[in-house]
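Down below is the structure, laid out as C-alpha cells.
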Amino acid sequence: MTTTLDATARDAAPAPVRTLAPEEWLPHEAAHAERADALTAVWRAARDAGRTHAIEDFLFTYYPTRVSHLRRWHPGPGLALRLPDDGGPAHGAADRRAWRWYTATADGVTLDVAAFLADRGDTVRYVHGLLAATASRPGTFGCFGLHEWAMVYRDRAAGRDHRHPLPLRLGHDGTDAVVEENPVRCSHFDAYRFFTPEATGRNQLRPTRATQPDLEQPACLHANMDLYKWCLKLGPAVPGDLLLDAFELARDIRWTDMAASPYEVSGYGAEAVEIETPQGKAEYVRRQRAFAARAAGLRERLLAACTALLTS
C-alpha cells in the first residue's frame, strides 16, 4: 500500500522543507503502524507463543531489527511535521525531537539531512553504487535456489549438523544427489559464504565482498531480499512505505526460498517447490521473475532516495 503522502515523501528533494499539518501526517503514521502489525502477525504470534519460526525468524535475525522499528513511520527528507497546536499527548513528531538525525525547526520536526550524511554518507554512496550496478545488468534465472542445498551438501558425511532444525525433504543422500546433478551458479556472496566446504568448489562463481557490486544481479532472490536490508541501513532517510514494501517483498521471497530449499517446510503450511524436477524448476523461475519485477520498482525508488540525499 503506497499512500499519497508517502509518494510525495519519496519524490521530494531534501530542500526546501514542506510542512505537514497534524491532520495530514497523523493518519499516515497510524496506518503505517497498522500495516507493520499486519505484515508481522505470523512471526509475532510464534514469538509470543515462545516458538521459533524457521521461515520468518530470518527476517529478524539475519536482518537484525525489531517490530518496533518497522512500526516507526518516517516521512523521509524534505518534510517537516508540525505538532498539534494544543500539544496533545505524546505524538510521533514530539518523540522525533529525541530521535537520531531529527531536528526541531520553525517549520516542525524534520530529518537533519546534513547530520545524516555526515554520519552515513559513505553508506548512502555504497548503496547507491551497488543498486545502480545491479540494475544495469540482466537477470540470471537458472540458479533454481541451489544455494540452500549447497549449504548442507555432504554435511552428514563430514559429521556436521545442518543449519536448520528441520528434516531434509529428500534425506541426506537425496539432497547431495541434487547438488551433484545440477550446476550451481550462485552470485550472492552472503549466500555463498555459508556453503559447505565441499560445495564451494562446485559453484561456477567465486563471489567475495569486494566483488559484490560486480556480481550482484537483479534476479537473485537474496539480492532482492537485501533491498529490505538497505532500507534498514538508511533508516529515517527512507520513507515509511518504501521500508514496508521492501519488508513485504523480503517476507514473500523468504517463503519461496524455504519452499524451494532441501528442508521439509510443510509444517508451516508451505508447499514444496521441488526444484529437483522440471516442473519445480519451472515454478521456481516463474516466481523468481515475479519477484524480480517487484524488486526492480523498489530498487528504482531506493536509488532515487539515495540520489536525492547525495544531491542535497
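The values are calculated or read from the model by the stated rules, or taken from the named source; none is laboratory data. If you're wondering where the values come from, they're calculated on a predicted model, not measured in any experiment. Virtual Cβ from ideal backbone geometry, glycine too; neighbours counted across all protein chains shown. Accessible surface is based on the protein model in full, side chains and every heavy atom, while ligands, DNA and RNA are left aside. Shrake-Rupley method; radii C 1.70, N 1.55, O 1.52, S 1.80 Å.
Tally Lys/Arg at +1 and Asp/Glu at -1 over every other residue whose Cβ is under 11 Å from the Cβ of residue 200; what's the total? That works out to +2.
Each other residue within a Cβ distance under 12 Å of residue 139 adds +1 if Lys or Arg and -1 if Asp or Glu, for a net charge of +2. Magnitude of the charge dipole for segment 177-312, about its Cα centre and with charges confined to Cβ atoms of Lys, Arg (+1) and Asp, Glu (-1), is about 460 debye. When the chain is treated as a Gaussian network with alpha carbon springs shorter than 10 Å, the biggest mean-square fluctuation among 75, 218, 165 belongs to 165. Using a Förster radius of 22 Å, what is the FRET efficiency between residue 136 and residue 200 based on their Cβ-Cβ separation? Nearest 0.05, please. Once rounded, the FRET efficiency stands at 0.20. Under 5 Å from the amide H of residue 263 lie the amide H atoms of 169, each residue being 5 or more positions distant or on a separate chain, with H modelled from the backbone and absent for Pro and chain starts. Look at the dipole of the chain built from charges on Cβ: of 235, 54, 138, the Cα furthest out on the positive end belongs to 138.
For segment 259-269, 3J(HN,Hα) computed residue by residue from phi via the Karplus equation (6.51, -1.76, 1.60; θ = phi - 60°) reads 5, 8, 7, x, 7, 8, 10, 5, x, 9, x Hz, glycine and proline entered as x. Think of the chain as a dipole: +1 on every Lys or Arg Cβ, -1 on every Asp or Glu Cβ, centred on the Cα centre; then among 253, 211, 38, 211 lies furthest on the positive end.
Dipole magnitude for the chain: computed about the Cα centre from +1 point charges on Lys and Arg Cβ and -1 point charges on Asp and Glu Cβ, it is near 600 debye. How many percent of the alpha carbon pairs in segment 229-312 exceed a separation of 19 Å? For segment 229-312, the fraction of Cα-Cα distances above 19 Å is 49 percent. Selection among 194, 110, 80 by position relative to the dipole of the chain gives 194 as farthest towards the positive end (Cβ unit charges, Cα centre).
If I compute solvent accessible area with a 1.4 Å probe over the protein chains, what percent of it on segment 141-222 is carbon and sulfur? Answer for segment 141-222: carbon and sulfur cover 51 percent of the accessible area. Comparing mean-square fluctuations of 291, 60, 195 from a GNM of the chain with C-alpha springs under 10 Å, the top value falls on 60.
All alpha carbon pair distances within segment 54-184 were sorted into 10 Å bins beginning at 0; the resulting P(r) in whole percents reads 9, 22, 23, 19, 15, 10, 3. The slack in the chain from residue 51 to residue 286, taken as 0.36 nm per residue of separation less the alpha-carbon distance, amounts to 81.4 nm.
List residues of segment 168-207, by number, whose backbone nitrogen lies under 18 Å from a label position 7 Å along Cα→C-beta of residue 156. Hits in segment 168-207 for residue 156 at 18 Å: 168-181, 196-199. Within the listed set 237, 33, 219, the residue fluctuating most in the Gaussian network model of the chain (springs between alpha-carbon atoms under 10 angstrom) is 33. Over 29 Å, how big is the tail of the calculated P(r) for segment 116-272, in percent of all Cα pairs? Percent of Cα pairs beyond 29 Å in segment 116-272: 25.
The value obtained for the chain, namely the Cα convex hull volume divided by the number of residues, is 137 Å³ per residue. Close amide H partners of residue 102, meaning residues 5 or more places away or on another chain with modelled amide H under 5 Å apart, are 112.
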